[in-house]
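Read-outs throughout are calculated quantities, based only on the coordinates presented, and are distinct from any laboratory measurement. Please read these numbers as outputs of a predicted model, since none were measured by experiment. All Cβ positions, glycine included, derive from the backbone under ideal geometry; neighbour counts span all protein chains shown.
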Amino acid sequence: MILDGHAPDAIAEAARVLRAGGLVAFPTETVYGLGADASSDDAVAGIFAAKGRPADHPLIVHVAAGAKGAQALSRFAQPLPPFAQKLVQAFWPGPLTLIVTRQPGVGTAAAGGQDTIGLRCPAHPVAQALLEACAEQGVPGLAGPSANRFGRVSPTTAQHVHDEFGDALLVVDGGACEVGIESTIVDCSRGAPVLLRPGLITRAQIEAAAGEPLSDREVLETPDPRASGTLEAHYAPDAKVRLMDAKAIQTGLDVLGANAAHIAVWTRSAVRSRSQRVLLRRMPDDAAATAQQLFAVLREFDAQGVKLIWVETPPDTPEWEGVKDRLQRAAAA
Ligand code: TXA
Ligand code: MG
């Protein structure tokens, strides 16, 4: 069931379900999350079951802004290193997740049993209203992976979530997500910041705010934490995704000519097809606008029944890193 997140009773109803150990999908500025009480291992087990996600894959815990968030932070995490505190100052609330050392005995299931935990304070006003209401009822944070089935495209509207999980799941509608790709993840548990997942916030912005350079994950001696968003094949629609330059796409369309079918094309450059059965769609020139549309476009192409999606490779500039990462993973499936 979809509830309008701005309706007077929606937040109270959602908080009640969460307080009772149930699942609620909620909007954030990045993508929709599938939430449960992070302090209850039983409630969190419901997320793994619904998503079909392996139970040792850790989830992100969402916390409120302000005083309640600070309380949640000290409940779930051990004191943050100074560079992580600077990242919190600079980017929370916002699309940044920090992996930090966990307080033993808290959020064990959410952390997939690891001794670290992922924390994020989302900026979306409906998410904040829900987190506040939950905190008031003794639910300190919401464990919330993206509200899609394991390995699939993340949802950026309430309808996407409904399409995937059906009417039994309560979905709080907060409109289409503005960022459109998942949060940037920085591991702060290994002495130096390490970028685990690129997003809207760039490497340069993280380094400037942290006051130190990002380390390469390979040079750190401790083993990599498990991160399903960093699996090579992820974010996959049903259709095969291929990244190509515009010239190769045009050549492919020319070769297939009027017989081309079941193909969708997403390019910044103008391309032509002699077939009416090719879906041609323009990609914005700007990385942020492309990120905002990315998952909805992939879902739309799937809904049209195409078998092949040809996407023009994004530019090699820092602001495109998050979009490029998601497209490469979609193409690896
Ligand atoms: O924007 C987002 O981050 C969205 C919204 C809903 O907040 N959430 C999201 O969650 O993308 P999910 O579960 O789909 O991806 C979270 C990523 C996964 O790759 C997970 O493995 C990693 O974060 N992660 C979470 N906790 C971790 C930990 N303790 N150590 C290493 N990686 C962790
Ligand atoms: Mg995900």
Net charge contributed by nearby residues that have their C-beta within less than 13 Å of Pro318 (K/R +1, D/E -1): -3
What is the angle, in °, between the Cα long axis of helix 82-91 and the longest principal axis of the Cα atoms in the chain? Nearest 10 is fine, range 0 to 90. 60
Using helices alone, what [θ] at 222 nm do you get for the chain, with -39,500 (n - 2.57) per DSSP H run of 4 or more residues, divided over all residues and rounded to the nearest 500? -10000 deg cm²/dmol
Given a Förster radius of 51 Å and the C-beta distance between Arg272 and Arg75 as r, what FRET efficiency does 1/(1 + (r/R0)^6) yield to the nearest 0.05? 0.30
Positive minus negative residues near Phe76 (Lys, Arg vs Asp, Glu; Cβ under 13 Å): +2
Packing-ranked peptide list from 148-156, 261-269, highest mean Cβ count within 10 angstrom first, is 148-156, 261-269
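For a test of the definition: using alpha carbon positions, the gyration tensor, and the 1.5 limit on a/c, classify segment 240-331 as rounded, prolate or oblate.
Judged from the Cα gyration tensor, segment 240-331 comes out prolate (a/c at least 1.5, a/b above b/c).
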State, to one decimal in nm², a quarter of the convex hull surface area for the C-alpha atoms of segment 2-227, i.e. the direction-averaged projected area. 10.9
Among rounded, prolate and oblate, which fits segment 89-141 when a ≥ b ≥ c are the square roots of the eigenvalues of its C-alpha gyration tensor, a/c under 1.5 means rounded, and a/b larger than b/c means prolate? oblate
C-alpha long axis of helix 246-256 to longest principal axis of the chain, angle in °: 50
Once the dipole of segment 2-227 is set up from charges on Cβ (+1 Lys and Arg, -1 Asp and Glu), the residue from the list Ala43, Pro79, His62 lying farthest towards its positive end is Pro79
Virtual spin-label span in nm between Glu13 and Ala261, 7 Å along Cα→Cβ: 4.5
Using a ≥ b ≥ c from the Cα gyration tensor of segment 1-122 (square roots of the eigenvalues), is it rounded, prolate or oblate, where a/c under 1.5 gives rounded and otherwise the larger of a/b and b/c decides, a/b for prolate? oblate
Could you tell me how many degrees, from 0 to 90 and to the nearest 10, lie between the Cα long axis of helix 66-76 and the main elongation axis, the longest principal axis, of the Cα atoms of the chain? 80
Scan around Ala38 for amide H atoms under 5 Å from its own, H built in the peptide plane at 1.01 Å from N, and keep only partners 5 or more places away or cross-chain. Gly141, Leu142, Ala143
At R0 = 41 Å the Cβ-Cβ FRET efficiency linking Ala246 and His6, nearest 0.05, sits at 0.50
Would you mind pulling out the separation of the Cα centroids of segment 1-75 and segment 190-216, in Å? 26
By per-residue mean of other Cβ atoms within 10 Å, what is the highest-first order of 188-195, 85-92, 311-318? 188-195, 85-92, 311-318
Sorted by chain and then number, the residues having a modelled amide H within less than 5 Å of the amide H of Ile2, at least 5 places away or on another chain, are Val171
Test item: Cα-centred dipole of segment 2-227, Lys/Arg +1 and Asp/Glu -1 on Cβ, debye: 320
